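One structure is given below, encoded as structure tokens.
Here, each number is a calculation from the coordinates, and none is a lab measurement. Model, not experiment: these values are computed from the prediction. Methodologically, a virtual Cβ is constructed for each residue, glycine included, from the backbone with ideal geometry; neighbour enumeration extends over all protein chains shown.
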Amino acid sequence: MQLDTQKLTATVAHLLAPEKGILAADESNGTADKRLESFGIATGEDMRRKFRHLFLCMPGVEEFLSGVILYDETFWQDNCDGKPFRIALREKGILPGIKVDTGAKDFPGFPDEKLTVGLDDLPERIKKYADAGAAFTKWRAVIKIDEKAGLPTDACIEANADALARYAVVAQQFGLVPIVEPEVLLEGPHSLKTSEIITTRVVGAVIQKLQDYKAYLPGVILKTSMVINGNKNADEASPVEVADATVRMLRKTVPTELGGVEFLSGGQTAVEATAHLDAIAEKEDLPWEIAFSYARALQESALTIWQGKDENVAAACTEFTKRLRLNQLADAGKYDVSLEYLD
Ligand code: 13P
């Protein structure tokens, strides 16, 4: 199949437009329900529709978002006004994307490690989404750090990097930009240095596999964790230390021709995720476009306010807009924590 490289680079350029981000709204149904439950909100298909409508259909959201990553249910679902979400997004100039892995499963023979699966019927599934208007795709691998147990193993890194690269090539064949997301988990007592060493190994392996499988690099977006100390390590790195370590990791691993780099929030607080992005954006001469692509750090404070109630929608939208605006500023290196306290 001939690659449509022009289409791929045009999609990358749209997604990484300056000062815009990509909302990760692709929690599986089970994860979405768990998240709603954790805020005391009812669950089920109709509640998930309202949850998605709140964030995807907010008036003015297109000022901040270039794309939204959807889960299968939302991709095919109508919003609360009876219009398919994917069409409502396109009408606002926001590209609909789709998560196409089918989950991180136990990695046989490697206790406590996961391998993300979904390659078998990937071409058929991607074709259906492409025909229905998807512009890009996402595949997430999870890598756990546990130094005492010797994790991550080389085998886990290698198998996940292999799957990410094979997925990327299939997505590109159908004209859809692949977002390759190897998430190095925040959980644990590891140091900033360990996080840097492991994230460098992981991202390096993914890039190597993308090259081995001849992915078209300008048509690939890397979605990575920032390099941060583990959440059970009392020695908390400053935003500048996080930015230094993250950019060192990227410079060692990511070729300049790659389409661009997005960051996940990974369990950081909303303020940390914004402050860290800002410190990264302040670094000079970054050769790639960078952007935020958060789920929790954009949505959680608004969910606290919403509580699933119609009368709280306006206040929840105000909070969501605030997080979007602050991340927009951070993406340009213009954020300051004092802005958190302004109305
Ligand atoms: P978080 O920002 O909550 O880590 O989610 C991003 C994401 O895409 C996870 O797959």
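The table below lists the values:
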| quantity | calculated |
| --- | --- |
| Size of charge dipole - the chain - debye, nearest 20, with Cβ of Lys, Arg +1 and Asp, Glu -1, no other charges | 580 |
| Where Rh is the Kirkwood radius over Cα pairs, Rg/Rh for segment 6-72 | 1.07 |
| Normalised convex hull volume, segment 64-223, alpha-carbon set, Å³ per residue | 135 |
| Equivalent ellipsoid semi-axes, the chain, via Cα gyration tensor eigenvalues times 5, rooted, Å | 27, 25, 20 |
| Taking Thr153, Thr137 and counting other C-beta atoms within 10 Å, the order from fewest to most | Thr153, Thr137 |
| Unit charges on C-beta of K, R, D, E only; dipole of segment 264-338, Debye | 220 |
| Long-range HN-HN contacts of Lys283 with modeled amide H, under 5 Å | none |
| Loop sites in segment 262-301: GluC sites (Glu not before Pro), DSSP, at most 11 other Cβ within 10 Å | Glu284 |
| In sequence order, calculated HN-Hα J values of segment 76-85 (Karplus, 6.51, -1.76, 1.60; Hz; x Gly/Pro) | 9, 7, 7, 7, 6, 9, x, 10, x, 3 |
| Modelled FRET efficiency - R0 25 Å, Ser28 with Glu147, Cβ distances, 0.05 increments | 0.25 |
| Spatial separation of Cα centroids for segment 260-305 and segment 59-98, in angstrom | 21 |
| Distance from segment 154-226 to segment 8-28 (C-alpha centre basis), Å | 17 |
| Mean ellipticity per residue at 222 nm, deg cm²/dmol - from DSSP H runs of n ≥ 4 across the chain, formula -39500 (n - 2.57) | -14000 deg cm²/dmol |
| Burial ordering of Cys317, Cys80, fewest other beta-carbon atoms within 10 Å first | Cys80, Cys317 |
| For Leu151, distant residues with modelled amide H under 5 Å away | Asp146 |
| Ranked Arg86, Arg251, Arg201, criterion: other C-beta atoms within 10 Å, fewest first | Arg251, Arg201, Arg86 |
| Net length gained if the chain between Glu236 and Gln211 were fully extended (0.36 nm per residue, minus Cα distance) | 5.5 nm |
| Charged-residue dipole, Cβ positions (Lys, Arg, Asp, Glu), segment 1-146 about Cα centre, Debye nearest 20 | 280 |
| Under the Karplus curve 6.51 cos²θ - 1.76 cosθ + 1.60, θ = phi - 60°, whole-Hz ³J(HN,Hα) for segment 91-104, x wherever Gly or Pro sits | 5, 8, x, 9, 7, x, x, 9, 6, 10, 6, 10, x, 8 |
